[in-house]
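S.K.: Quick one: structure below, then a few questions.
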Amino acid sequence: LSLCGQTTLRETLAIVRRCSAAITMDAGPAHFAAAVGTPVVVFSLHPSDGDDTLDLAPARFAPWCAENRKLIIQPDHAWPGCETGCRWRHVQPHCIGNIDAAKASEKIRAFIAR
């Protein structure tokens with residue numbers, strides 16, 4: 001169900017609070033879910049082996065909640081030239097395409113089942 005652009009901030013928080021889990025990109029809704037106690041899955045374009053000091057690194061900017069309440073899905077490796085972080089992130093991120101959909105699905109199913 002997409003409610004993009006159809007709710008106020010308060011309505012959005014109320015809806016997310018009632019969800020069993022939220023699956024989001026690395027953006028505001030991920031932090032909304034954490035703030036209201038909803039388990040959250042975050043898709044990040046930052047590679048697992050990237051520099052954790054960069055601005056999009058989940059190690060620095062993942063939602064603030066208990067580790068067992070969040071799951072970060074990110075590519076294992078970046079594309080050549082993006083070893084520390086996706087250099088196209090402001091135009092058209094492409095490193096996120098390195099996420100294995102089957103593995104991500106398995107991780108999400110296990111996370112939600114807990």
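S.K.: Taking amide H atoms as placed 1.01 Å from N in the peptide plane, list the residues 5 or more away in sequence, or in a different chain, whose amide H sits under 5 Å from that of residue 43.
M.R.: 24, 25, 26, 73
S.K.: Which of the listed residues, 30, 43, 77, is farthest toward the dipole's positive end in the chain, when Lys, Arg count +1 and Asp, Glu count -1 at the beta-carbon?
M.R.: Going by the charge dipole, the pick is 30.
S.K.: Could you work out the relative contact order of the chain, using alpha carbon pairs under 8 angstrom and six or more residues apart, expressed as a whole percent?
M.R.: Dividing the mean separation by the residue count of the chain yields 21 percent.
S.K.: Sticking with this structure for a sec: Just to be sure I understand: if I project the alpha-carbon convex hull of region 1-43 onto a plane and average over all orientations, what area do I get in nm²?
M.R.: Its average projected convex-hull area is 2.7 nm².
S.K.: Here's a follow-up. With each pseudo-label sitting 7 Å past Cα toward Cβ, what's the residue 17-residue 52 distance in nm, one decimal?
M.R.: It is 3.3 nm.
S.K.: Also: For residue 73, what is the net charge nearby, where nearby means another residue's Cβ is under 9 Å from its Cβ and Lys, Arg count +1, Asp, Glu -1?
M.R.: My count for the surroundings of residue 73 gives +2.
S.K.: To the nearest 0.05, what FRET efficiency results for residue 112 and residue 79 with a Förster distance of 30 Å applied to their C-beta separation?
M.R.: The formula returns an efficiency of 0.55 here.
S.K.: Something else now. Could you work out the local net charge near residue 23, counting Lys and Arg as +1, Asp and Glu as -1, over the other residues with Cβ closer than 13 Å to its Cβ?
M.R.: For residues surrounding residue 23, the net value is +2.
S.K.: On the accessible surface of the chain, probed at 1.4 Å, how many percent belong to carbon and sulfur atoms?
M.R.: 57 percent
S.K.: Now a separate question. What does the convex hull of the alpha-carbon atoms of the chain project to on average, in nm²?
M.R.: Spelled out: convex hull of the Cα atoms, projected over all directions, averaged, 7.5 nm².
The values are calculated or read from the model by the stated rules, or taken from the named source; none is laboratory data. Please read all numbers here as calculations on a predicted model, not as lab measurements. FYI the Cβ positions are ideal-geometry reconstructions off the backbone, even for glycines, and counts take in every protein chain you see. To get the accessible areas, we keep the full protein, side chains included, count just its heavy atoms, and leave off ligands, DNA and RNA. Shrake-Rupley method; radii C 1.70, N 1.55, O 1.52, S 1.80 Å.
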